[in-house]
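*Asks:* Please see the structure below; I have some questions.
The values are calculated or read from the model by the stated rules, or taken from the named source; none is laboratory data. Note that the structure is a prediction, hence the values are computed from the model and not measured. No Cβ is skipped: glycine too gets one built from the backbone with ideal geometry, and neighbour counts run over all protein chains shown. Protein only, heavy atoms only, side chains kept; ligands, DNA and RNA dropped before computing areas. Shrake-Rupley method; radii C 1.70, N 1.55, O 1.52, S 1.80 Å.
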Amino acid sequence: MDALAHDLRSEVPDLAGQFEESRPSVRRNTGFGLFTEMIVDRSRPVPASGPTGDLGSVHAMVGDLADPIAFRVRVRQGVLLGLIGDSYGQDTRAIDFASVPFDQVFTIDDQGRSVPFEPRPVEMRALHALQRHEDPFAEPEAPPPPPRLLNVGPLQKLQEPAASALVDNRPRRGAGPAAGETAAASPPLAEDEKTALRVGVWFGLFVLASVLVLIFEAPIPAAFAAAFVAGRFLQTDRGLDLLRRTMASLQQAARERQA
């Protein structure tokens with residue numbers, strides 16, 4: 001089988017692997033040779049294409065026969081089906097091919113000359129590599145990362161669906177509190193800043209409620225109740241941070257208008 005795999009390395013490149021991952025089924029002494037059916041492991045990948053027929057020119061001296069026996073493989077579209085032995089008319093009925101000794105393995109070249117079977121190591125390494133079929137394809141290289149988004153404004157929005165994981169942290173003109181410098185996490189407020197903001201909040205809400213009552217004739221209970229609810233929210237750390245960022249955004253917009 002090694003000699004046949006070597007002999008047919010061009011026609012059936014993975015024959016060595018198929019031999020290794022197969023088991024004999026029907027063994028038959030034909031009286032003038034042999035036929036052994038080979039069943040290849042079903043989990044082995046099927047060749048995409050290949051020859052069909054009885055192939056090979058391997059010969060060997062078997063037992064006490066005076067002349068060698070020719071060995072070939074039967075394949076269908078590159079898939080191993082069986083091993084064939086032809087004794088050239090010599091009677092083989094008394095030979096047990098499962099245990100009979102053999103030697104002098106050789107092939108026949110294009111000129112009809114006998115060539116002893118002595119595969120070169122490099123060829124055997126190639127045959128062994130073909131048997132590693134569990135990972136027949138090299139892992140594809142990872143694609144390069146998408147380019148960093150550079151455009152701003154409306155063009156930035158057009159690029160976001162193609163690279164939603166990337167964020168452009170550069171300042172964007174006219175953006176809200178989440179853009180520019182305010183996009184970065186704000187430092188925590190100091191206690192004196194919180195106190196000043198709370199006083200300013202209550203004063204501002206009182207003035208706003210008074211304006212609504214005196215000028216717009218809003219109901220006094222509704223105006224001051226709304227001011228009280230807004231004031232309770234703006235007294236929290238979250239409300240104070242939102243108020244500070246809003247004031248910073250308004251100041252930034254005013255500076256841009258002046259520029």
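*Asks:* Assess whether ARG93 counts as being under 25 Å from ARG9 (Cα atoms), among the charged types (D, E, K, R) and either at pLDDT below 95 or outside any loop (DSSP other than H, G, I, E, B) (or both). Steps first, please.
*Replies:* Working: under 25 Å from ARG9 (Cα atoms): no; among the charged types (D, E, K, R): yes; either at pLDDT below 95 or outside any loop (DSSP other than H, G, I, E, B) (or both): yes.
Answer is no for this residue.
*Asks:* Something else: Residue by residue through segment 2-35, note down the ones that are polar (S, T, N, Q), assigned to a strand (DSSP E or B) and without any contact (Cβ under 8 Å) to a residue 60 or more places away in the chain. Even if it seems obvious, please write down each step before you answer.
*Replies:* Step one: list which residues in segment 2-35 are polar (S, T, N, Q), which gives 10, 18, 22, 25, 29-30.
Still in the running and assigned to a strand (DSSP E or B): 22, 25, 29.
If the condition is that a residue be polar (S, T, N, Q), assigned to a strand (DSSP E or B) and without any contact (Cβ under 8 Å) to a residue 60 or more places away in the chain, then SER22, SER25 are the ones that fit.
*Asks:* How many of the residues making up segment 13-32 are among the aliphatic types (A, V, I, L, M) and within 30 Å of the chain's Cα centre (by Cα)? Working first, answer last.
*Replies:* Start the filter on segment 13-32 by keeping residues that are among the aliphatic types (A, V, I, L, M), which leaves 15-16, 26.
Next, only the ones that are within 30 Å of the chain's Cα centre (by Cα) stay: 15-16.
Count: 2.
*Asks:* Evaluate segment 73-86: report whether one residue or more is more than 15 Å from ASP14 (Cβ to Cβ) and assigned to a loop (DSSP other than H, G, I, E, B). Before you say what the answer is, go through the steps one by one.
*Replies:* Step one: of segment 73-86, the residues more than 15 Å from ASP14 (Cβ to Cβ) are 74, 82-86.
From the residues that got through so far, the ones that are assigned to a loop (DSSP other than H, G, I, E, B) too are none.
Scanning segment 73-86 turns up no residue that is more than 15 Å from ASP14 (Cβ to Cβ) and assigned to a loop (DSSP other than H, G, I, E, B).
To keep it simple, each residue is scored yes or no on (1) modelled with pLDDT of 70 or more; (2) among the hydroxyl-bearing types (Ser, Thr, Tyr); (3) part of a helix (DSSP H, G or I).
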| position | (1), (2), (3) |
| --- | --- |
| ALA175 | no, no, no |
| THR182 | no, yes, yes |
| ALA196 | yes, no, yes |
| VAL207 | yes, no, yes |
| VAL211 | yes, no, yes |
| ALA218 | yes, no, no |
| PHE233 | no, no, yes |
| LEU243 | yes, no, yes |
| GLU256 | yes, no, yes |
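*Asks:* State the number of residues belonging to segment 74-94 that are of a type in the set (Gly, Ala, Ser), touching a residue at least 12 places away in the same chain (Cβ under 8 Å) and open to solvent by 20 Å² or more (accessible area, probe 1.4 Å). Show your work before the answer.
*Replies:* Initially, segment 74-94 is screened for residues of a type in the set (Gly, Ala, Ser), giving 78, 82, 85, 87, 89, 94.
Keeping just the survivors that are touching a residue at least 12 places away in the same chain (Cβ under 8 Å) gives 78, 82, 85, 87, 89.
Those still in the list that are open to solvent by 20 Å² or more (accessible area, probe 1.4 Å) too: 89.
Here the count works out to 1.
*Asks:* So, one more: Of (1) farther than 23 Å from GLY89 by Cβ; (2) at pLDDT 90 or above; (3) of a type outside the set (D, E, K, R); (4) open to solvent by 50 Å² or more (accessible area, probe 1.4 Å), THR30 satisfies all except one. Which?
*Replies:* It fails just one condition, (1).
*Asks:* Let me ask something additional. Considering only residues that are surrounded by fewer than 20 Cβ atoms within 10 Å (Cβ to Cβ), in contact with a strand residue (DSSP E or B) (Cβ under 8 Å, 6 or more places away or on another chain) and not small (Gly, Ala, Ser), which ones fall in segment 56-66?
*Replies:* MET61
*Asks:* Which condition from (1) modelled with pLDDT under 95; (2) closer than 19 Å to GLU21 by Cα; (3) touching a strand residue (DSSP E or B) at 6+ places or on another chain (Cβ under 7 Å); (4) not basic (Lys, Arg) is the one that PRO45 breaks?
*Replies:* Result: PRO45 passes all but (3).
*Asks:* With respect to the numbered conditions (1) in contact (Cβ under 8 Å) with a residue 40 or more places away in the chain; (2) surrounded by fewer than 20 Cβ atoms within 10 Å (Cβ to Cβ); (3) not hydrophobic (A, V, I, L, M, F, W, C), which one is the sole condition not fulfilled by THR52?
*Replies:* (1)
*Asks:* Residues being without any contact (Cβ under 8 Å) to a residue 12 or more places away in the chain and under 26 Å from GLU37 (Cβ atoms): count how many of those fall in segment 97-118.
*Replies:* 1
*Asks:* Continuing with the same structure: Can you tell me which of VAL229, VAL167 is at pLDDT 70 or above and β-branched (Val, Ile, Thr)?
*Replies:* The conditions single out VAL229.
*Asks:* Go through segment 40-49 and give me each residue that's open to solvent by less than 40 Å² (accessible area, probe 1.4 Å) and outside any strand (DSSP E or B).
*Replies:* Of all residues in segment 40-49, those open to solvent by less than 40 Å² (accessible area, probe 1.4 Å) come to 40, 44, 47.
Scanning segment 40-49 gives ARG44, PRO47.
*Asks:* Further, regarding this structure: Among the residues that make up segment 96-105, is at least one of them under 14 Å from ALA5 (Cβ atoms) and surrounded by 17 or more Cβ atoms within 10 Å (Cβ to Cβ)? Step through it out loud before you land on a result.
*Replies:* Start the filter on segment 96-105 by keeping residues that are under 14 Å from ALA5 (Cβ atoms), which leaves 105.
Restricting the remaining residues to those that are surrounded by 17 or more Cβ atoms within 10 Å (Cβ to Cβ) gives 105.
Yes, segment 96-105 contains at least one residue that is under 14 Å from ALA5 (Cβ atoms) and surrounded by 17 or more Cβ atoms within 10 Å (Cβ to Cβ).
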